[in-house]
Amino acid sequence: MRPKSKEDDKIKGGGQKKRIGLFGGTFNPIHSGHLRGAEEIREAFRLQEVIFIPAALPPHKGTKEVIEAKHRLEMVRLATATNPFFSTTDIELLRSEKSYSIDTIRYFSKRHQEAFFFILGRDAFVEIETWKEFQHLFSLCNFIVMTRPGSQKALPSSPLPEALASLFRYDQGIKGWIHTSGYIVYFKEITVLDISSTKIRELIERGESVRYLIPSEVEAYIQKNRLYRKD
């Protein structure tokens with residue numbers, strides 16, 4: 001068992017509960033950048049598990065560019081299979097409507113024996129005011145925002161949504177923003193691999209190599225099922 005830290009005392013239920021990361025995304029397809037980011041966050045925040053959550057119908061993306069959910073789910077399963085700390089859920093794929101993060105977080109927040117950390121990238125976080133019921137998100141679980149090296153210096157004095165900034169206070173000891181609910185928002189620099197799902201799809205469409213950009217198991221699955229190809 002890991003020793004309890006001062007940070008655990010600040011995190012709501014931190015010391016007594018299992019710490020779990022919730023990593024949602026389209027994963028169209030999942031790539032090495034997703035995996036490395038999740039691994040660095042897992043280690044930095046001592047998470048005992050990171051759950052990858054493929055979205056069914058992402059509300060911020062056109063459905064034409066997103067392949068069938070069953071393929072994206074299987075690719076995530078293949079990509080995470082060798083990491084004992086990673087797991088995958090189809091919770092969002094079981095919904096008949098669009099996937100909203102608040103519904104997913106509410107689903108997990110009912111599991112009171114665990115402390116949850118919602119993981120997302122800085123690009124997604126700057127658009128969080130467009131998310132469904134965004135003002136309630138921070139009262140349901142902790143958030144970890146992945147940022148690029150050096151970007152912390154470029155962040156404004158409060159990188160939080162302006163409409164909610166008054167509900168947070170910064171704690172220098174844990175380098176996090178504490179919400180009135182007790183949950184915390186962290187901004188954590190990670191190693192940036194200049195990889196995007198869009199770039200990978202473009203390479204596949206042109207018949208070019210994607211080796212080392214995605215796990216070999218995912219590459220084989222894409223080839224077998226002829227995904228992201230025009231012909």
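Just so you know, all these numbers are worked out from the coordinates, no wet-lab data involved. If you're wondering where the values come from, they're calculated on a predicted model, not measured in any experiment. Neighbour counts run over all protein chains shown; Cβ positions are idealised from the backbone, glycine included.
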Positive minus negative residues near L73 (Lys, Arg vs Asp, Glu; Cβ under 15 Å)
-1
At 4 °C and 1.567 mPa s, grab the translational diffusion coefficient of the chain from Stokes-Einstein with a Kirkwood Rh over Cα pairs, rounded to a whole number in µm² per second.
70 µm²/s
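Going through segment 91-190, which GluC sites (Glu not before Pro) have at most 15 other Cβ atoms within 10 Å and a DSSP loop state?
Details: sites: E92, E97, E114, E127, E129, E133, E162, E189; in loops: E92, E97, E127, E133.
Listed in order of number, the matching sites are E97, E127, E133.
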Going by Cα centres, segment 19-56 and segment 177-231 are how many Å apart?
11 Å
Which residues' amide hydrogens lie under 5 Å from the amide hydrogen of I144, considering only partners 5 or more residues apart or on another chain, with H built in the peptide plane?
F118, I119, L120, Y186
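Out of all DSSP beta bridges in the chain, what portion is antiparallel? Express it as a percent rounded to 5.
Values: 7 of 33 bridges.
Within the chain, antiparallel bridges account for around 20 percent of the total.
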Around E133: net Lys/Arg minus Asp/Glu count, Cβ-Cβ under 13 Å:
0
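Beyond 16 Å, how much of the Cα-Cα pair distribution for segment 87-168 remains, as a whole percent? Mind dumping the intermediate values first?
Details: 1974 of 3321 pairs.
Here the tail beyond 16 Å accounts for 59 percent of pairs.
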Please report the orientation-averaged projected area of segment 107-231, defined via the convex hull of its C-alpha atoms, in nm².
10.9 nm²
